[in-house]
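Single-structure report; data block below.
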Amino acid sequence: MERKIDELLDSKGVTVAYRYPTPRALTWSCEGYANPDVFDPIDQKALVEAQAVCAGCDVRSDCFALSLSRDEWGVWGGVLIKGGKPIEKVKKRGRPKRTTAA
Ligand code: SF4
């Protein structure tokens, strides 16, 4: 018996689709993707790679909606999310550069 999409999306299936096996009733493009780190991109190049995977995904809009409802981070539905909100660019990690006192 096929499960409904809402039931599947209530599971952790989509959240970690690229890492764990997922139900067969839906197909998400990131499942088993060889370079899953791009979904937590460290630079714009990684973001573009993740977005290319999402572009052909069957559950793209549901994935994006789920990310907003869960205050997620990373790439969801082809959109970069931080704290449940879309952001434009990958922010550099680490400490900000020191500035010298004038
Ligand atoms: S839209 Fe992207 S992150 Fe979401 S399930 Fe599809 S491929 Fe994975």
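The values are calculated or read from the model by the stated rules, or taken from the named source; none is laboratory data. Since we're looking at a predicted model, the values are computed, not measured. When we count neighbours, we look across all protein chains shown, and the Cβ atoms used for this are built from the backbone with ideal geometry, even at glycine. Surface areas here come from the heavy atoms of the whole protein model, side chains and all, with no ligands, DNA or RNA. Shrake-Rupley method; radii C 1.70, N 1.55, O 1.52, S 1.80 Å.
Checking the structure you have, find out if any residue of segment 67-81 is surrounded by 12 or more Cβ atoms within 10 Å (Cβ to Cβ) and touching a Pro at 6+ places or on another chain (Cβ under 6 Å).
Yes: segment 67-81 contains one or more residues that are surrounded by 12 or more Cβ atoms within 10 Å (Cβ to Cβ) and touching a Pro at 6+ places or on another chain (Cβ under 6 Å).
Any residue that is more than 12 Å from residue 89 (Cα to Cα) and near the ligand (Cβ under 8 Å from one of its atoms) - is there at least one of those in segment 68-75? Show your work before the answer.
Just the residues of segment 68-75 that are more than 12 Å from residue 89 (Cα to Cα), to begin with: 68-73.
This time we only want the ones that are near the ligand (Cβ under 8 Å from one of its atoms), so: none.
Looking through segment 68-75, none of the residues is more than 12 Å from residue 89 (Cα to Cα) and near the ligand (Cβ under 8 Å from one of its atoms).
Just the residues that are under 16 Å from residue 51 (Cα atoms) and among the small types (Gly, Ala, Ser), please, taken from segment 66-84.
Narrowing segment 66-84 to residues under 16 Å from residue 51 (Cα atoms): 67, 73-82.
If the condition is that a residue be under 16 Å from residue 51 (Cα atoms) and among the small types (Gly, Ala, Ser), then 67, 74, 77, 78 are the ones that fit.
Residues in segment 29-52 that are touching a Phe, Trp or Tyr at 6+ places or on another chain (Cβ under 8 Å) and crowded, with 20+ Cβ neighbours inside 10 Å: how many? Before the answer, list the steps.
First pass over segment 29-52, keeping only residues touching a Phe, Trp or Tyr at 6+ places or on another chain (Cβ under 8 Å): 30-33, 36, 39-40, 50.
Filter once more, keeping what is crowded, with 20+ Cβ neighbours inside 10 Å: 30, 39, 50.
Qualifying residue count, segment 29-52: 3.
Give the number of residues within segment 53-66 that are of a type in the set (A, V, I, L, M), over 19 Å from residue 90 (Cβ atoms) and open to solvent by 10 Å² or more (accessible area, probe 1.4 Å).
Of the residues in segment 53-66, the ones of a type in the set (A, V, I, L, M) are 53, 55, 59, 65-66.
From what's left, over 19 Å from residue 90 (Cβ atoms): 59, 65-66.
From the residues that got through so far, the ones that are open to solvent by 10 Å² or more (accessible area, probe 1.4 Å) too are 65-66.
Count: 2.
Just for helices (runs of 4 or more DSSP H) wholly inside the chain: which have at least 1 residues that are at pLDDT 90 or above? It would help to see each step written out before you state the result.
Numbers: elements: 5-10, 44-55, 60-69.
Qualifying helices (runs of 4 or more DSSP H): 44-55, 60-69.
Looking only at segment 80-102, which residues are touching a residue at least 24 places away in the same chain (Cβ under 8 Å) and within 12 Å of the chain's Cα centre (by Cα)?
Applying the first criterion (touching a residue at least 24 places away in the same chain (Cβ under 8 Å)) to segment 80-102 yields 80, 89-90, 93.
Answer for segment 80-102, where residues must be touching a residue at least 24 places away in the same chain (Cβ under 8 Å) and within 12 Å of the chain's Cα centre (by Cα): just 80.
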